[in-house]
């Protein structure tokens with residue numbers, strides 16, 4: 001929880017206002033202090049809340065010199081309030097018609113402090129959101145129900161080569177520098193996937209090709225609907241991971257497997273065979289396509305005879321029947337670890 005000190009300046013001879021401010025319980029995460037009137041000119045420039053009883057001209061000068069986000073409360077007799085300049089009137093946060101009871105002052109100030117806290121909470125939530133999405137390398141965007149981009153992160157801007165000011169409020173074709181005809185003739189599904197999310201009303205995952213400033217990229221995209229307080233659809237949020245290089249790595253792995261001079265099997269974390277090279281077909285009659293998807297341990301029992309225990313270095317001996325001939329194989333098993341050290 002953050003902590004904020006509200007500076008309150010009272011330009012009034014009414015002691016009830018001082019008493020009401022002093023007696024108010026601070027809101028969560030807040031405290032307030034009364035600024036000294038001896039430093040009135042400087043205090044006007046720093047005060048968060050100003051409660052004043054001034055003439056029209058002096059009030060206009062105070063509005064001019066106060067902070068842009070300062071809350072200004074004007075206490076006045078009915079006839080004085082009616083004579084206020086329209087521009088000054090619009091600059092006020094609240095207007096108290098005298099006479100004011102201490103209970104009235106306490107109530108209005110409490111409501112004013114609550115309003116200020118809501119604004120500060122919203123600004124903080126905005127900073128949390130901005131900091132969070134801008135620290136993520138994936139592309140993130142929020143759209144309204146019409147498809148206009150309301151908010152994007154830094155990674156999104158880098159991908160499209162535009163600033164947030166230029167992007168926000170604009171649609172798909174402008175942002176990605178595409179003509180509608182080009183989109184319709186390509187393999188893009190970005191707009192169609194938005195419609196699917198809105199229809200399904202749940203998070204959906206897509207593989208999408210996107211033309212970026214860095215060329216064609218392949219994205220794994222997660223899109224979710226956004227609802228308002230009445231559970232009405234108001235837009236979508238999308239997160240896109242650039243998997244172009246990962247797919248290229250997969251192609252490179254296929255080339256490596258294909259050119260290795262011995263049989264290779266790859267399994268996933270669940271122990272199922274997920275890939276194999278062509279040489280496997282020379283040793284196992286079922287062929288590599290039939291091997292993929294099988295449980296590795298079960299497959300070993302069915303295809304490798306007299307297999308010894310795997311030693312500390314990962315090696316074992318086994319026999320396999322190739323045609324009518326029995327061949328001795330040296331088996332080597334080794335786990336593959338990801339960047340987090342997980343096999």
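The values are calculated or read from the model by the stated rules, or taken from the named source; none is laboratory data. Every value quoted in this text rests on a predicted model; they were computed, and no experiment measured them. In this analysis, Cβ positions are derived from the backbone assuming ideal geometry, glycine residues included, and neighbour counts consider all displayed protein chains.
Is one or more of the residues making up the stretch 187-207 in contact with a helix residue (DSSP H, G or I) (Cβ under 8 Å, 6 or more places away or on another chain), within 16 Å of residue 140 (Cα to Cα), assigned to a helix (DSSP H, G or I) and free of Cβ contacts under 8 Å to residues at least 12 places away in the same chain? Break it down into steps so the answer makes sense when it comes.
If we filter the stretch 187-207 for residues that are in contact with a helix residue (DSSP H, G or I) (Cβ under 8 Å, 6 or more places away or on another chain), which is where we start, we get 190-191, 203-204, 206.
Okay, now just the ones that are also within 16 Å of residue 140 (Cα to Cα), so 190-191, 203-204, 206.
Checking the rest, the ones that are also assigned to a helix (DSSP H, G or I) come to 190-191.
When the remaining residues are screened for being free of Cβ contacts under 8 Å to residues at least 12 places away in the same chain, the result is none.
There is no residue in the stretch 187-207 that is in contact with a helix residue (DSSP H, G or I) (Cβ under 8 Å, 6 or more places away or on another chain), within 16 Å of residue 140 (Cα to Cα), assigned to a helix (DSSP H, G or I) and free of Cβ contacts under 8 Å to residues at least 12 places away in the same chain.
The set of residues from the stretch 291-314 being closer than 20 Å to residue 258 by Cα and exposed (fewer than 14 other Cβ atoms within 10 Å of the Cβ) comprises just one member, 293.
Here the strands (runs of 3 or more DSSP E) wholly within the stretch 244-343 that include at least 3 residues being modelled with pLDDT of 85 or more are 265-267, 273-276, 325-332.
The number of residues in the stretch 74-96 being exposed (fewer than 13 other Cβ atoms within 10 Å of the Cβ) and within 16 Å of residue 51 (Cβ to Cβ) comes to 1. Got at least one residue in the stretch 103-114 being surrounded by 19 or more Cβ atoms within 10 Å (Cβ to Cβ), at pLDDT 90 or above and not in a helix (DSSP H, G or I)? Among the residues of the stretch 103-114, not one is surrounded by 19 or more Cβ atoms within 10 Å (Cβ to Cβ), at pLDDT 90 or above and not in a helix (DSSP H, G or I), which makes the answer no.
When the residues of the stretch 23-51 are narrowed to those that are buried (at least 19 other Cβ atoms within 10 Å of the Cβ) and either out of contact with any strand residue (DSSP E or B) (no Cβ under 8 Å at 6 or more places or on another chain) or not in a helix (DSSP H, G or I) (or both), which ends up modelled with the lowest pLDDT?
Step one: of the stretch 23-51, the residues buried (at least 19 other Cβ atoms within 10 Å of the Cβ) are 32, 35, 43-44, 47-51.
Going one step further and asking which of them are either out of contact with any strand residue (DSSP E or B) (no Cβ under 8 Å at 6 or more places or on another chain) or not in a helix (DSSP H, G or I) (or both), we end up with 32, 35, 47-51.
Numbers: 32: 87, 35: 83, 47: 93, 48: 94, 49: 94, 50: 94, 51: 93.
Selected residue: 35.
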